[in-house]
Amino acid sequence: MLKFANYIKILFNKFIEFLFPPVCPVCSASVETHGELCGDCWSCFDWFDGPHCACCGYPFPDDYEPNPESLCPVCAAGKNELDYIRAACRYDDMSRSVMLPFKHGGRIKFARFMSHAMIWALRDVDIAPDLVMPVPLANRRLFHRGYNQATLLAREIARVYNAPIDFDSVHRKYRPNMGHKTNAQRREHIRGVFSVINRDAVRGKKILLVDDVMTSGATFDELARVLRRAGADAVYGVVFCRVVRVD
């Protein structure tokens, strides 16, 4: 019966692909699988595939040859609250051109390739999360936007890691957008916005936080801090893109 059901599912998918041939979500060029990028669009992103910080994944110069345990100055100083962080690509004009419409414009068709890129970004860390947690939105912002973009990204990631998604254990207070604040101002702005309302759900758990973009890391750090205070055993993070400082 199970084999027959799988056969019917395959036939149905083939029928859907016949009616709606898969195209690149960015440029609409023909591709083999729904939701995936074409080669030309994939090559336009600045993917993080070179030397990087062993903890937060911050990219090192291409000509730098770190050992597997090399840390960036922030992590070496113990200023990172997470066990591991990874990002798929740099926040630049190309990533912004898909991230902002995905986040604010309802272009949820980007979620598949973004989440697959994020899974790829985690390839060098050995994690087995008990929970996958999208970074929560405040209720007011969720009502205005209609969806939490982090939740859309978390679904495929949770499926790959065979871990449940936790939507409800953390509440986020509403505060205005951080805008063009300095890193120090961002950390002050975000402090106190998260509260764990179901400590039993997070106590002793390894939690993978999911978000779309990382600017200063203040949101991840604050959320990790309250989760650890509530008894979380480990906290990891993954984003689609992150801001890289220009020295």
Original post:
Does Tyr64 count as modelled with pLDDT of 90 or more, in the same structural domain as Lys205 (by TED's automatic domain parsing) and either out of contact with any Asp or Glu (no Cβ under 8 Å at 6 or more places or on another chain) or of a type outside the set (Asp, Glu) (or both)?
Top reply: no
Original post:
Mind checking which residues of the stretch 140-155 are out of contact with any Pro (no Cβ under 7 Å at 6 or more places or on another chain) and of a type in the set (Ser, Thr, Tyr)?
Top reply: Tyr147
**OP:** Keeping to the stretch 33-70, report how many residues are part of a loop (DSSP other than H, G, I, E, B), without any contact (Cβ under 8 Å) to a residue 40 or more places away in the chain and either touching a Lys or Arg at 6+ places or on another chain (Cβ under 8 Å) or within 19 Å of Val243 (Cβ to Cβ) (or both).
**Re:** 8
Original post:
Inside the stretch 105-126, can you point out the residues that are touching a residue at least 60 places away in the same chain (Cβ under 8 Å) and more than 18 Å from Arg155 (Cβ to Cβ)?
Top reply: Val125
Original post:
Condition test on Ala128, is it assigned by TED's automatic domain parsing to the domain that holds Leu208 and part of a loop (DSSP other than H, G, I, E, B)?
Top reply: yes
**OP:** Among residues belonging to the stretch 55-93 that are surrounded by fewer than 17 Cβ atoms within 10 Å (Cβ to Cβ) and among the aliphatic types (A, V, I, L, M), point out the one that is farthest from Ser115 (Cα to Cα).
**Re:** Ala77
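The values are calculated or read from the model by the stated rules, or taken from the named source; none is laboratory data. The structure presented is a predicted model; accordingly, all values stated were derived computationally and were not measured. Glycine gets a Cβ as well: all are built from the backbone with ideal geometry, and neighbour counts include every protein chain shown.
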